[in-house]
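The values are calculated or read from the model by the stated rules, or taken from the named source; none is laboratory data. Since we're looking at a predicted model, the values are computed, not measured. Cβ placement follows ideal geometry from the backbone for every residue including glycine, while neighbour counts extend to all protein chains displayed.
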Amino acid sequence: MDEVEILLVEDNPTDAELTLRALKKNNIANRIEIVTDGDLALDFIFAKGKYSGRNPDRIPKLILLDLKLPKKGGLEVLSEIKGNPKTRLIPIVALTSSKEERDIVESYKLGVNSYIVKPVDFDKFILAIKEIGIYWLLINHPPRI
């Protein structure tokens, strides 16, 4: 299996499709994995359950994480990933519709790298995804994990 560049954790099929279209339109990432709930996100990252055959050392370059997820919520997913020494350096961008101050504060306390409220306007959404991809995949220089 090719190394995943972006793990998109999004339960809304429309938002997932818009994100994929925006990434592809801007030629940002070729290898994207989509999971639809918090449990699947953690299974993917830690190579458990459905993803037990995946090499856990092949971590994504970026996680786009919705906070409002079924099963385990985004804050819990964020906490588990950032709380593990093997995965804490993975950049995580909260890409969510929540403008709640408590969600923003808690996300940063748990180690989110960026918090972006999803724009409702499609053109603004495409621009936001383009800027996220360019910065986190092309400009940013993370440490080798």
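Observations on the structure shown:
- Within the stretch 2-56, being of a type in the set (A, V, I, L, M, F, W, C) and at positive phi holds for one residue alone: Ala47.
- Residue within the stretch 76-86 that is at pLDDT below 90, in contact with a strand residue (DSSP E or B) (Cβ under 9 Å, 6 or more places away or on another chain) and either among the hydrophobic types (A, V, I, L, M, F, W, C) or more than 16 Å from Ile6 (Cβ to Cβ) (or both) present: no
- In the stretch 34-46, the residues that are over 26 Å from Lys130 (Cβ atoms), crowded, with 21+ Cβ neighbours inside 10 Å and in contact with a Leu (Cβ under 7 Å, 6 or more places away or on another chain): Gly38
- A residue that is over 19 Å from Asp15 (Cα atoms) and in contact with a Pro (Cβ under 6 Å, 6 or more places away or on another chain) occurs somewhere in the stretch 102-119.
- Number of residues in the stretch 101-145 that are touching a helix residue (DSSP H, G or I) at 6+ places or on another chain (Cβ under 7 Å) and β-branched (Val, Ile, Thr): the value is 4.
- Some residue of the stretch 26-33 being in a helix (DSSP H, G or I) and either without any contact (Cβ under 8 Å) to a residue 24 or more places away in the chain or surrounded by fewer than 17 Cβ atoms within 10 Å (Cβ to Cβ) (or both): no
- Scanning the stretch 15-44 for residues that are touching a Gly at 6+ places or on another chain (Cβ under 7 Å) and modelled with pLDDT of 90 or more gives Gly38, Asp43.
- Residue within the stretch 2-14 that is modelled with pLDDT under 90, in contact with a Leu (Cβ under 7 Å, 6 or more places away or on another chain) and in a helix (DSSP H, G or I) present: no
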